[in-house]
1. Pick from F379, F362: which is of a type outside the set (G, A, S) and modelled with pLDDT under 95?
2. Just give me the residues in segment 79-100 being open to solvent by 30 Å² or more (accessible area, probe 1.4 Å), away from the ligand (no atom under 14 Å from the Cβ) and closer than 30 Å to P20 by Cβ, in sequence order.
3. Quick one: how many residues across segment 148-167 are closer than 26 Å to L452 by Cα, in a strand (DSSP E or B) and touching a Phe, Trp or Tyr at 6+ places or on another chain (Cβ under 7 Å)?
4. Please go through segment 50-78 and pick out each residue that is within 16 Å of the ligand (Cβ to nearest atom) and not in a helix (DSSP H, G or I).
5. Every residue in segment 339-366 that is among the small types (G, A, S) and open to solvent by 20 Å² or more (accessible area, probe 1.4 Å), please.
6. Collect the residues in segment 279-330 that are over 17 Å from the mean Cα position of the chain (by Cα), of a type in the set (S, T, N, Q) and either over 24 Å from L34 (Cα atoms) or open to solvent by less than 40 Å² (accessible area, probe 1.4 Å) (or both), keeping them in residue-number order.
7. Between a first residue in segment 204-229 that is free of Cβ contacts under 8 Å to residues at least 40 places away in the same chain and assigned to a loop (DSSP other than H, G, I, E, B) and a second residue that is aliphatic (A, V, I, L, M) and open to solvent by less than 40 Å² (accessible area, probe 1.4 Å), which pairs have beta carbons less than 6 Å apart while being 6 or more apart in sequence or on different chains?
8. Here is a check on your reading of the model: is S197 among the small types (G, A, S), under 30 Å from A464 (Cβ atoms) and without any contact (Cβ under 8 Å) to a residue 24 or more places away in the chain?
Amino acid sequence: MSDGEDSETVVRRERFAGGPARSFLSSMEFDDRLFEADLAVDRAHVVMLAEQDIIDTADAGAILDALDDVEHEGFEALPDGEDIHEAIETAVIERVGPEGGRMHTARSRNDEVAACLRYQYRAALLEAVDTVVAAREALCEVAEEHTETVMPGYTHLQPAQPTTVAHWALSYEAALARDTERLLDAFDRTNRSPLGSAAFAGTPFDVDRERTAELLGFESVLANSMDAVSARDFLVEGSAAFAGLATTLSGLAEDLVVFANKGFVELDDDYASTSSIMPQKKNPDTLELVRSTAGDAYGGLQGLLTTLKGLPRAYNRDLQNASPHAWRVADAVVEATDVAAGAVATAEWPAEDLEAAAGEGFSTATGVADLLAMHGIPFRTAHEVVATAAERGADYDALDSACEDVLGEGIDSLAEREAVEAALDPTASVASRDSAGGPAPEAVAETLAAALEGCEAHADAATARADSLAAAEEVLVEEVASYV
Ligand code: ARG
């Protein structure tokens, strides 16, 4: 940015030009990400002012021309300013002369910044949706390939029941599908226009709020002008959605770290790291960092909420410090999602080792109890039989002797030996659990088909929103072209 002695006098004149708190006041450090947004908001506002005969078309043309030039020169070339809104206005006035100052008719930086934030945040949310859908597709691919790959399933991190890699992968897909829904919901409440509210109290000019909303692709207008400039709940909602997503990712990452430790998954070298001293090490550092991103997300959400708490109506400068929390959360979580997807997509699942481990810790015990219950024994009694057998070796003979002791009859009086042996076998045990959403290959096939449909629906939902933003942008470009 150029040293702004002269430019500073354009918008601020001599007052408030500097002083020791100058850089403390400035948001320029974070405002680069609002550059495109501010140009669009300025253009839409100026087009609307001209259409409403609030400014004449010659002034509108000169301002829009200057904005093109400002865009071409880039953010770094902007004059100094307290924030990007002031800097761009100064740059326009430098090019156009005092008439350039008409661009700020019937608005304030308060509705301007709120519009810029919503404009930019909605793009971040759509990018996040695309990234999460890609991660879900990676999980679906793993599921497709490993529908029959039996592995141990855990509760309390203790061997519990055998399941499959596909069932595990789709469990995270399902959670990420809800995370996607929350991001899309946040998009819909973000995509509303505060423009035309001015400082908070409206304006005597005959502004057309619907028109600026339309030119910027906003779905609707935030009616109450005091609310419109004050509201940052869209950042809270979005950041909460990101925090939920980060929670899902942290579980996925933790599972992969544990599985890598047990030799159940082989991470690609691109998603692992080594030790500077221990030559044999292959560490799942990347996933540890994905796991840690939840800390960034919760910290950012907490920072955002704490900044917003108790603010009086209407605009307060605290709000300037609210949005960086939201950007940091979005950046961190989108990056972690992308990395997690890459780790999942490139990992190898050693089917034989997984299958060998699937029966560990008598993980088929529940299935044997289910079998006895299916043959008429009350489940609680069947539970006792199998618990007794577990202490005696957890095989057919152990079950037989446990049946004798608990029920007073051998197991062969209840079930065929073949059925008992099948219940003890991890692969057959998995195949038997074919309830909807369960791990049996047919059940997983149905879950997978629904998951793939869900991915497509969410990808389409994001595309439809992006298309409607692109269509609005095209109209804005055409309108601007008719003035310059
Ligand atoms: N940079 C400010 C922000 O991000 C813009 C609004 C300044 N408005 C004001 N009344 N001082 O919130």
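The values are calculated or read from the model by the stated rules, or taken from the named source; none is laboratory data. Predicted, not measured: the structure shown is a model, and the values here were computed from it. In this analysis, Cβ positions are derived from the backbone assuming ideal geometry, glycine residues included, and neighbour counts consider all displayed protein chains. Keep in mind that these areas ignore ligands, DNA and RNA; they rest on the heavy atoms of the full protein, side chains included. Shrake-Rupley method; radii C 1.70, N 1.55, O 1.52, S 1.80 Å.
1. The conditions single out F362.
2. The one that is open to solvent by 30 Å² or more (accessible area, probe 1.4 Å), away from the ligand (no atom under 14 Å from the Cβ) and closer than 30 Å to P20 by Cβ: E94.
3. 1
4. Passing the criteria: only L78.
5. Those that are among the small types (G, A, S) and open to solvent by 20 Å² or more (accessible area, probe 1.4 Å): A345, A351, A356, G359, G361, A365.
6. If the condition is that a residue be over 17 Å from the mean Cα position of the chain (by Cα), of a type in the set (S, T, N, Q) and either over 24 Å from L34 (Cα atoms) or open to solvent by less than 40 Å² (accessible area, probe 1.4 Å) (or both), then Q280, N283, T286, T307, N316, Q320 are the ones that fit.
7. Close Cβ pairs satisfying both conditions: L222/A228.
8. For S197, the condition - among the small types (G, A, S), under 30 Å from A464 (Cβ atoms) and without any contact (Cβ under 8 Å) to a residue 24 or more places away in the chain - is not met.
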